[in-house]
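Q: I'd like to ask you about the structure that follows.
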Amino acid sequence: MRRGMSRALVILLAVAAGVGGMLHPVARAQDATPASEQTVADSDAGTFRALASGSMDLLAPGTTDLGFGRVTLDPGASVPFDPNDPSAILVYIASGAATFRVDAEMTVARAGGAGTPMPTEPEAVAPDTEFTLREGDSALFPPAIAGEARNDGTEEAVAWVVTVVHQTMAAATPTP
């Protein structure tokens with residue numbers, strides 16, 4: 001589950017340090033519960049704080065790891081996506097803005113504006129096309145994509161992220 005959180009970090013550009021599997025914690029019976037203010041990842045560019053995570057037997061055979069976190073990205077920061085990360089990530093921008101470019105087709109949901117209580121129809125984004133998510137916007141990023149996320153603004157970007165990783169039994173079994 002560490003990879004998914006790092007991708008969320010990366011994806012969110014509002015995502016700060018570290019790419020790969022080091023930012024996605026997995027809750028297991030033998031693990032201690034982290035302190036509520038424990039930072040999972042930190043860098044000069046931003047932070048990622050895991051707020052909740054866990055695993056369940058949802059899609060047999062295997063385990064589904066779920067994570068929920070808050071990502072911040074400082075102005076001018078940029079983070080690449082890990083194309084080997086198996087996580088699907090839902091990103092919701094709480095404040096600021098983050099610009100993305102990924103090698104997969106995307107769907108973006110724009111926030112409803114004044115007089116528009118409901119969000120507009122989802123917006124399709126072609127592969128390798130830059131798009132910016134602003135406060136209230138969201139996007140679902142598919143697993144295993146390449147690209148980058150960055151904060152081109154002058155204020156910190158903050159996002160809420162949910163990661164989902166389905167790990168099959170074969171992937172969870174260590175090889176000798």
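Only the coordinates and a few stated rules stand behind these numbers; no lab work does. Owing to the predicted nature of the structure, the values given are computational and were not obtained by experimental measurement. We place every Cβ from the backbone using ideal geometry, glycine too, and count neighbours over all the protein chains shown.
Q: Roughly speaking, what is the stretch gain from residue 104 to residue 144, that is 0.36 nm per residue apart minus the C-alpha to C-alpha distance, in nm to one decimal?
A: Result: 13.5 nm gained on full extension.
Q: While we're looking at this one, here's another question. Once the Cβ-Cβ distance between residue 126 and residue 64 is put in as r, and R0 is 35 Å, what FRET efficiency do you end up with, to the nearest 0.05?
A: 0.75
Q: For the stretch 87-102, just list the computed ³J(HN,Hα) in residue order, Karplus coefficients 6.51, -1.76 and 1.60, θ = phi - 60°, integers in Hz, with x standing in for Gly and Pro.
A: 7, 8, 10, 9, 10, 10, 7, 7, 7, x, 8, 9, 9, 10, 9, 10
Q: Modelling each spin label as a point 7 Å along the Cα-to-Cβ direction, I'd like the residue 152/residue 111 distance in nm, to one decimal.
A: Inter-label distance under the simple model: 1.8 nm.
Q: Beta carbons within 10 angstrom, averaged per residue: use that to sort the peptides 153-166, 93-106, 128-141, highest first.
A: Working: 153-166: 20.9, 93-106: 18.8, 128-141: 17.1.
Going by the mean number of other Cβ atoms within 10 Å, highest first, we get 153-166, 93-106, 128-141.
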